[in-house]
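Notes follow once the structure below has been shown.
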Number of protein chains: 2
Amino acid sequence: MGFIESVHAKAIDLTKLAVEMTAASGSGHPTSGASLAHLATVLLYRHMRHDPANPGHRGSDRLVLSEGHAVPILYAAAADLGIVAQYADDWRPTTREDVLKLRQIDSPIDGHPHPILGFPFFDAATGSLGQGLSIAAGIAAAARLDGLDRRIYCLIGDGESREGQVWEAMEFIIDHNLATACPIFNCNLYAQSAKVSPLQTPEVTEAKLKAIGFGVRVINGHDPQQIADALDAHAAAERPLAVIAKTIKGWGSQTMQAGNCHGKAFTKDECAQVLKELDETASKLGAQWTDGDLQIPPITNAEPEAPQTQDLPTFSDAMRQFGKESALAKGKWATRRAYGIALRALGLANPNVVSLDGDVRGSTFAGEFAGDEQLAERFFECRIAEQNMIGAAAGMGAGGKIPFASSFAKFLTRGYDQIEMAINSGTNFKLVGSHAGVSLAADGPSQMGLPDVAWFGAFTHVKRPDGSPAMYLLQPADAFAAYQLTARMAEHDGPCYMRTHRPDTQFLYDDNTRFVLGGHELISEGKDLLILASGYTVHEANRALDALEQAEIEATLVDLYSMPFDTAAIVDLALQNQGRVLTVEDNYSGGFGAAVAEALAADANAFTCKQMYVERIPKSGLSPADLMQHVGLSAEDIVTQATALVEVPT
Amino acid sequence: MGFIESVHAKAIDLTKLAVEMTAASGSGHPTSGASLAHLATVLLYRHMRHDPANPGHRGSDRLVLSEGHAVPILYAAAADLGIVAQYADDWRPTTREDVLKLRQIDSPIDGHPHPILGFPFFDAATGSLGQGLSIAAGIAAAARLDGLDRRIYCLIGDGESREGQVWEAMEFIIDHNLATACPIFNCNLYAQSAKVSPLQTPEVTEAKLKAIGFGVRVINGHDPQQIADALDAHAAAERPLAVIAKTIKGWGSQTMQAGNCHGKAFTKDECAQVLKELDETASKLGAQWTDGDLQIPPITNAEPEAPQTQDLPTFSDAMRQFGKESALAKGKWATRRAYGIALRALGLANPNVVSLDGDVRGSTFAGEFAGDEQLAERFFECRIAEQNMIGAAAGMGAGGKIPFASSFAKFLTRGYDQIEMAINSGTNFKLVGSHAGVSLAADGPSQMGLPDVAWFGAFTHVKRPDGSPAMYLLQPADAFAAYQLTARMAEHDGPCYMRTHRPDTQFLYDDNTRFVLGGHELISEGKDLLILASGYTVHEANRALDALEQAEIEATLVDLYSMPFDTAAIVDLALQNQGRVLTVEDNYSGGFGAAVAEALAADANAFTCKQMYVERIPKSGLSPADLMQHVGLSAEDIVTQATALVEVPT
């Protein structure tokens, strides 16, 4: 016998196990898995340079399963190959018994790829569709920077290829000539509720790919030789090449193909029938596994070593180094500008730092990084396509980089689903949203980040498996803080989001102030009232202090620049200020004030906490002052609220 | 003279005013406007059937400016044509003086299209890029349902055409043959930070459009005759046709074209020079306006009348009507299933109700609507492309429909940017996210809605111009509640989001219970502790009551199914329960509990509020019970927390 027969035999064996797994769990997607059986076999047993004993090897070829629901077929291969994963506290080869625990609460064999449970064969949690190719592209870009010969395969469902993000990723691959990324379309013609649109057929997909400059191989996805030839062609290609595989949902079994069985596991009786039909298919095809017909090729790269890094200069030194002495002397500088300085200094100090931006680098100041010729190679212009930018950043994180992805805070919203999936993946990436809040002024609400604090804030109370927060949300009030917090983000291994503002703001701090994740800064110490502000509103609150003093109210002002924060310390400060707390933020509700109210309300002490936030949809105005007044967050409004709070008997 | 000379004259006049407006405001995008000057002129003065005196006419042709930053050129036309808008309390024709107040805090002439300020010429707030065509497609679909002869033009920047959503919209147009939508690409070759990618050139855009079946006209976007011919061709076409206009950023003035002047207004001196150059261009071209060369064609449709609606049956009657007696008898039914019943009943009762779904209609139960042959025409399968689905729903809302767009709560995240823009637009639309929270169980976190309550919740504290909340967030605990709340959403003119759950849940209510936006239901009255739950967690809390009673704790249980809610009533209930409050929700933080903590903390009374929510990234499990235990939200966990709360001395 030979290669063909061995592939058929393995593909059928894997399909059988996937069917059994999903029958055992009572849910899952055996039919999607069957359509991928031959592709998975040729990839994992013949083409990918990987090591089942070390599935997270940083030099190995990678597989991103964009259509995450088809994962049982890959778990079946993991059991067959003994791919190492974490079972309870034990790292050991996966077994057949392990994968029959598919979807159980104490098993890492999750319903969709979920690497942080201890399954490092995958780089990315997938299952929310259309995201995998961006991640694959990011890993490919990281590998090229490291000089690693890695190929990154991505299996994409035809149904999910309707997602615009898939095409953003395709264009990113063309723009950056990431030929080592290999998009493979699994065209089984069925989505969940019906057949795919005529626009997701192999013919139209081929035309679309050619229109943007991809090489295309259209193959029968159940023909071992065609698969192998296409993958060989991809490996040899110097320009991006995609594979379109025509497949059959439920291949090998009439019972599986009857009806549209997306996401339906089989009963015990159906299962027996399906297994019987698969055996019949095997004998019809003369399927027979012969050792040696397929061999996993060895990994050609060593695991890359951590690069040499240098100490970061202070903010003042970096400003001087980059010729910004005059700005430093002025005593005013926007936090977004300081982010640019920090990003550039970080890039020069740490070869692993990379920058991505979505066609607004002149506004986010990622342009400081892009414009430095020592760093230009590590800058990725992602164009106006934020979903792909986030996915690519996640991929670069999986590839060992420290990616900073920036856009307007408003436009990062475009990638919230991708951000959540990256958090689920355990990704190390940093997001910087500029023009946050209302101080942007002239452009109006279509450019303002307003519900972002609530959204990112929700993750700050979620713990990752290592106990760290699923997200740090940071909002510096001045350039010194922005510079240092950018550095802190780079040092932390985990997701962070920093909000920056458009206008120049006064310096509040100096190089000696130490900013940390989870920290806060005491700006003014009083006894009558605690004001908690963050970012731009710190300046409004600061302006309010004088008027309050004239009204004989001694307020404590804290710059609460991090979520999560030290709740015990904030509660103590509240107690020292007669339990009166005023929070001020330039975003919609559910942000800093909500977290403070949660901390205060958890305690039986008598607190009064008034939250000031944006309670209307803003509009354009010529100055930040116009806007702060428009939404009721000016220093005068703060004085009014603070005075009312103090006058209420507690 | 003639048509050509008149178009040039008007285009140059509009450009001059746009330059002056942006110079006056000190910001804006005059060069993008200049690239659109001829297209805007031919559209507004010759091609669109509209009425400056009645710019919101429901039978008129519409213009969606996807590249919202180019709006000054359209404001210039509004001033010239006297398009009616709201100035302070006065609805009157727009003047030159009005538009010179561009971006001022008290002017409806906002930085980007912003209809709710009183500028109904636009249906949609735009400015976050790549969204306009989905909205245009939605308006076109609504017009077809109403039998209205309307054409919907959409001006798309070449830079923004990198957004995947643009191509999701294109495919939606092809799938549904919405030939009255007219995508016009403004190919001036410049994005914000640089030239566009080679993939956004007219040539590649043409190839992409042809690959998916669009007819294409490539024209010189500054040639009046070519523009008119292309628009005539579109009006005559029975299949979708797109126009690719090659344009010049800063047309008509060398000063405007020097450098990449995206988003830069001119100084007074520069402005004078630009105006001079535009005058020179005018005389070079022999530009001269002659009355009668261009005429706005009359609107051919009457304003559609409100359709006849019928009373909605009770939930029990609807279940019987649709043959679900046995489910009714079982006493259990998932809220997502009840949503399907309600949607179908609503569709039959109100011809304006439409349904959109993203290839999960069998799971969200929008399939109940789609499967009724009386309603099938009003169902829109949007495939796996949620961004376009949200935009199309917003467009249908603008077209007078009551659109319900459904997907998994997780996948709606894909459209959060679009949802916020629709809120800014004043859209009437309803979103229903199924499989919310952790009770989905087996599929794991890639399919669970977890930070959604925080995000939608942030809008529930934002007021629309009419004083209503920018969002109602609803979470029914049983099928009766889900049915009625679906009806309430349809009755309310404004954005709503309803969370539904996967598992069947026990009936708690009956047809006589009245559910309202902003309401809550008292399930059990006690005196020691107030438990506030919502949706699936109501059932866990309900289970906890017995154990608490055995521990001699009399708890009050409230089903808090709406945000915003009656804060005074909730505070009163807390006071009646010794100030002890326990909130329970199956999502990440910043949701119901945060809103409750805010309400409690605003008062000087001594409250103790403990929030229970999801504090880890969930995984798969075989049953909802597995998951509730995994994230610490089971009835047993509630008992533990409730007991601890009561034992803490208040």
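The values are calculated or read from the model by the stated rules, or taken from the named source; none is laboratory data. Being a predicted model, the structure only gives us computed values, none of them experimental. Cβ atoms come from the backbone with ideal geometry, glycine included; neighbour counts cover every protein chain shown. Note: accessible area is taken over every heavy atom of the protein model, side chains too, but ligands, DNA and RNA are not part of it. Shrake-Rupley method; radii C 1.70, N 1.55, O 1.52, S 1.80 Å.
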> Over the stretch A:478-548, what per residue volume does the convex hull of the Cα atoms give, in whole Å³?
Replying inline: 104
> Once you list every other residue whose beta carbon is under 11 Å from the beta carbon of A:LYS619, what net charge do they have if Lys and Arg are +1 and Asp and Glu are -1?
Replying inline: -2
> What number, in nm² with one decimal, is the all-direction average of the projected area of the convex hull of the alpha-carbon atoms of the protein assembly as shown?
Replying inline: 45.9
> Could you list log10 I(q)/I(0) for the stretch A:126-248 at q = 0.09, 0.11, 0.12 Å⁻¹, which the Debye formula gives when each Cα is one point scatterer?
Replying inline: -0.22, -0.33, -0.40
> For A:ALA88, which inter-copy label distances result when the label point lies 7 Å beyond Cα on the Cα-to-Cβ vector, reported in nm to one decimal and in ascending order?
Replying inline: 7.8
> Which one of A:HIS501, A:GLY467, A:LEU275 is farthest out on the positive end of the charge dipole of chain A, using unit charges on Cβ (Lys, Arg +1; Asp, Glu -1) and the Cα centre as origin?
Replying inline: A:LEU275
>> Using a 1.4 Å probe on the protein heavy atoms, what percent of the accessible area of the stretch B:74-180 belongs to carbon and sulfur?
In response: 49
> Which semi-axes, in whole Å and largest first, does the equivalent ellipsoid of the stretch B:1-50 have when worked out from the alpha carbon gyration tensor as the square roots of 5 times its eigenvalues?
Replying inline: 22, 12, 8
> Of B:ALA327, B:HIS29, A:THR314, which is farthest along the charge dipole of the protein assembly as shown in the positive direction, counting Lys and Arg as +1 and Asp and Glu as -1 at C-beta?
Replying inline: B:HIS29
> Could you give the angle, 0 to 90 degrees to the nearest 10, between helix B:335-349's Cα long axis and the longest principal axis of the Cα atoms of chain B?
Replying inline: 50
>> Could you check the spin-label model distance between B:ASP572 and B:ARG543? Points 7 Å from the Cα along Cα→Cβ, value in nm.
In response: 3.3
> What is the calculated FRET efficiency for B:LYS463 to A:THR95, with r their C-beta to C-beta distance and R₀ = 41 Å, to the nearest 0.05?
Replying inline: 0.10
>> Using a loss threshold of 50 Å², tell me which positions in the stretch A:199-229 are less accessible in the complex than in their chain alone. Probe radius 1.4 Å, ligands and nucleic acids ignored.
In response: A:LEU199, A:ALA211
>> With +1 assigned to the C-beta of every Lys and Arg and -1 to the C-beta of every Asp and Glu, and no other charges, what is the dipole magnitude of chain B about the Cα centre in debye, to the nearest 20?
In response: 1340
> In A, who owns the beta-carbon nearest the axis carrying A over to B, and how many Å from it?
Replying inline: A:GLY164, 1
>> Using each residue's phi in the stretch A:172-188, evaluate 6.51 cos²θ - 1.76 cosθ + 1.60 at θ = phi - 60° and report the 3J(HN,Hα) Karplus result to the nearest Hz, with x for Gly and Pro.
In response: 4, 5, 5, 4, 9, 6, 8, 5, 7, 7, 10, x, 10, 8, 9, 8, 9
> Amide H of A:VAL462: which non-local residues (sequence gap of 5 or more, or other chain) have their own amide H closer than 5 Å, using H built in the peptide plane?
Replying inline: A:ALA470, A:MET471
> Got a sec to turn the phi values of the stretch B:431-442 into Karplus ³J(HN,Hα) couplings, 6.51 cos²θ - 1.76 cosθ + 1.60 with θ = phi - 60°, whole Hz, x for Gly and Pro?
Replying inline: 10, 10, x, 8, 6, 6, x, 8, 5, 4, 6, 5
>> Report, to one decimal in Å, the Kirkwood hydrodynamic radius for the stretch B:108-169 based on all distinct Cα pairs.
In response: 12.7
> On average, how much accessible surface per residue is there in the stretch A:513-650, in Å², for a 1.4 Å probe, leaving out ligands, DNA and RNA?
Replying inline: 34
> Put a point 7 Å out from Cα along the line to Cβ at B:ARG320; what are the distances to that point in the other copies, in nm, shortest first?
Replying inline: 8.7
>> Suppose we compare each residue of the stretch B:155-177 in its chain alone and in the full protein complex with a 1.4 Å probe; which ones drop by at least 30 Å² of accessible area?
In response: B:ARG162, B:GLU163, B:GLY164, B:GLU168, B:GLU171, B:ASP175
>> Using a label point 7 Å beyond Cα on the Cα-Cβ vector, give me the inter-copy distances for B:ASP291 in nanometres, one decimal, shortest first.
In response: 9.7
> Using r as the Cβ-Cβ distance of A:GLN629 and A:GLN225, and R0 as 60 Å, what FRET efficiency do you calculate, to the nearest 0.05?
Replying inline: 0.25
> About the Cα centre of the protein assembly as shown, what is the dipole size in debye to 20, counting +1 per Lys and Arg Cβ and -1 per Asp and Glu Cβ, all else neutral?
Replying inline: 2400
>> Suppose we keep just the alpha-carbon trace of the stretch A:398-534; what are its Rg and Dmax in angstrom?
In response: 15.4, 51
> For the pair B and A, how large is the buried accessible area, both sides, in square angstrom to the nearest 100, if the probe is 1.4 Å?
Replying inline: 8900
> So for the pair A:THR513, B:GLU280, with labels modelled 7 Å out along Cα→Cβ, what separation do we get in nm?
Replying inline: 5.1
>> Please give me the summed charge of the neighbours of A:ALA599: other residues whose Cβ is under 14 Å from its Cβ, Lys and Arg +1, Asp and Glu -1.
In response: -4
> When N is the residue count of chain A, what does its C-alpha Rg come to as a fraction of 2.2 N^0.38 Å?
Replying inline: 1.06
>> With +1 assigned to the C-beta of every Lys and Arg and -1 to the C-beta of every Asp and Glu, and no other charges, what is the dipole magnitude of the stretch A:490-646 about the Cα centre in debye, to the nearest 20?
In response: 480
> Measuring from the lowest to the highest alpha carbon on each principal axis, how far does the stretch B:172-322 reach, largest first, in angstroms?
Replying inline: 74, 41, 34
>> Cα atoms only: what Rg and Dmax, in Å, come out for the stretch A:178-223?
In response: 11.8, 34
> Given a Förster radius of 41 Å and the C-beta distance between A:THR314 and A:ALA551 as r, what FRET efficiency does 1/(1 + (r/R0)^6) yield to the nearest 0.05?
Replying inline: 0.60
>> For a 27 Å ceiling on Cα separation, which of these pairs sit above it: B:LYS208/B:LYS410; A:LYS619/B:LYS246; A:LYS410/B:LYS264?
In response: B:LYS208/B:LYS410; A:LYS619/B:LYS246
> What accessible surface, in Å², does a 1.4 Å probe find on A:HIS8, ignoring ligands, DNA and RNA and rounding to the nearest 10?
Replying inline: 20
>> With unit charges on the beta carbons (Lys and Arg positive, Asp and Glu negative) and the dipole taken about the Cα centre of the protein assembly as shown, which residue among A:ILE531, A:ALA555, B:SER407 sits farthest to the positive side?
In response: B:SER407
>> Can you compute the helix-only [θ] at 222 nm over chain B? Use -39500 (n - 2.57) per DSSP H run of at least 4 residues, normalise by all residues, nearest 500 deg cm²/dmol.
In response: -12000 deg cm²/dmol
>> So if the hydrodynamic radius of the stretch B:283-435 is defined as the Kirkwood radius over C-alpha pairs, what does Stokes-Einstein give as its diffusion coefficient at 20 °C and 1.002 mPa s, in µm² per second?
In response: 122
> How far is helix B:479-491 tilted, in degrees, relative to the longest principal axis of the Cα atoms in chain B, given as a value from 0 to 90 rounded to the nearest 10?
Replying inline: 30
> Each label point is 7 Å from the Cα along the Cα-to-Cβ direction; what then is the distance between the points at B:LEU328 and B:ASN54, in nm?
Replying inline: 4.5
> Tell me, what ³J(HN,Hα) does each residue in the stretch B:211-223 have, in order and in whole Hz, if you take phi through Karplus 6.51 cos²θ - 1.76 cosθ + 1.60 with θ = phi - 60° and put x for Gly and Pro?
Replying inline: 4, 9, x, 6, x, 9, 10, 9, 9, 7, x, 10, 9
> Could you state the number of Å between the C-alpha centres of the stretch B:528-603 and the stretch B:25-53?
Replying inline: 54
